[in-house]
Amino acid sequence: MQYGESLPLQDHEVVLTFDDGPLPPYTTRILDTLASECVKATFFMVGRMVRGYPSIVRRVYNEGHTIANHSQNHPFTFARMTVDQAAQEIEQGHASLLSALGDEKTISPFFRIPGLLRGPAAEQYLAAHDYMTWSVDFLADDWTHINNREVARRAISRIEARGKGILLLHDIQPATALALPDILHELKARGFKIVHVVPAGADRPKTVTEPEQWAARHAPGQQVWPRTLVVGAEAPEPVLAAPSPESFGIEHFGRPTIRIALAKSLERHVADDGQPLLPSVQAWPRTVAYAVPADATVLPAPGAQNFRYSRLFRLGKPEKPKQASKPHSKPAKKSSSIASTADKEGKEAKEGESSEASAPSTTSSVDSPPRPPRAVGHQLNVARPMFVWPQWR
């Protein structure tokens, strides 16, 4: 869960570990269950618990289980400790185990940080003193005060999902002591094996493994260092297939007649049988003469008639329309009243509007308002679309 490496286990292999003990009667019942199934486990013991129940510690060792250090007081501050503080907790826990067992060889160099709250100071000290720091691969959550059936269910489901690894249990919890028989029964029924981990020594040579087996998780096909390099094998250079002349419309490459359209000019040249081949390739830039047969379908080059423009206007402000004077019109008399002038203008405007609505003529009246100016500039005339291709010869 916390490191890039785990134990080099095979598929369907599980390691049982118990933390925080010993504590009777729960540790005692767990030992009875393990003995009935001929199963060995690893016990990470707290120093102050060891000093309280040294006889149980000796029983654990005498029954063949592995005894490991879990600090002296089980503090949850290892992540914030200095190196000296971490060293004090680690060494005091080791001294408590030594006082109960009396021999250094009975204590394994395994250590699990309380609460899995790893810190750089503790890991630095453990690495410098040849300790193997343990984490876990899956939990059973037995410290959360759930019942024994839920402990067994979570343990089995997580082991089944991962396939192999280290299981963390606590031998100070009554639910764990009750759930252990069900856990062992289910693991056996599902084809799992319990693996006992012991420190290597003179009488126990270390297990031969490959570096890939220690990888906790990696993608399929990923190779862990050291990698095997193949030396001396000749690998072909990657090449691309040459393009086929048919991909460019050339059906008979190398013959006098090459069926492609001329792109340089509008001239057409037909190469008959018996004519000499194309001239030899010259240095770039070079001019190549192509021939097109008479029955080839070609597109004409665009001409000026394809882009005909019309209605040219002068850019600038539009000119004001000139008003023609009415024949036989008399000059309007000046009125002394502003209101009368406005009435006359309104009357003339109404007459102009009525005359425009009734008359079908397109010529505007003199009294009508000027038309809005037309758009200036040039516009493309698309009223008569021209179809100039294809041309068939």
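Numerical summary
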read-out	value
Residue pairs, from the table K40/K206; K105/K206; K105/K188, whose Cα atoms sit over 22 Å apart	K105/K188
Proximal charge balance of R51 [Cβ under 15 Å; K/R count +1, D/E count -1]	-1
Heavy-atom accessible area ranking, 1.4 Å probe, most first, across H65, H185	H185, H65
Label-reachable residues, the range 109-147, where backbone N falls under 14 Å from a point 7 Å from T82's Cα toward its Cβ	121-122
Area of D84 that stays accessible when all protein chains are in place (1.4 Å probe, Å², to 10)	120
Å² of accessible area per residue within the range 7-128, as computed with a 1.4 Å probe and no ligands counted	42
Simple label model, 7 Å out from Cα along Cβ direction - M132 to D103, nm	2.0
Amide H contacts under 5 Å for F138, placed H, 5+ residues apart	I166, L168
Apportionment of accessible area to carbon and sulfur, the range 75-221, percent (1.4 Å)	54
Candidate residues H129, H94, H145: accessible-area rank, largest first, probe 1.4 Å	H145, H129, H94
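The values are calculated or read from the model by the stated rules, or taken from the named source; none is laboratory data. Quick caveat, the model's predicted, so the values are computed rather than measured. Neighbour counts run over all protein chains shown; Cβ positions are idealised from the backbone, glycine included. Surface areas here come from the heavy atoms of the whole protein model, side chains and all, with no ligands, DNA or RNA. Shrake-Rupley method; radii C 1.70, N 1.55, O 1.52, S 1.80 Å.
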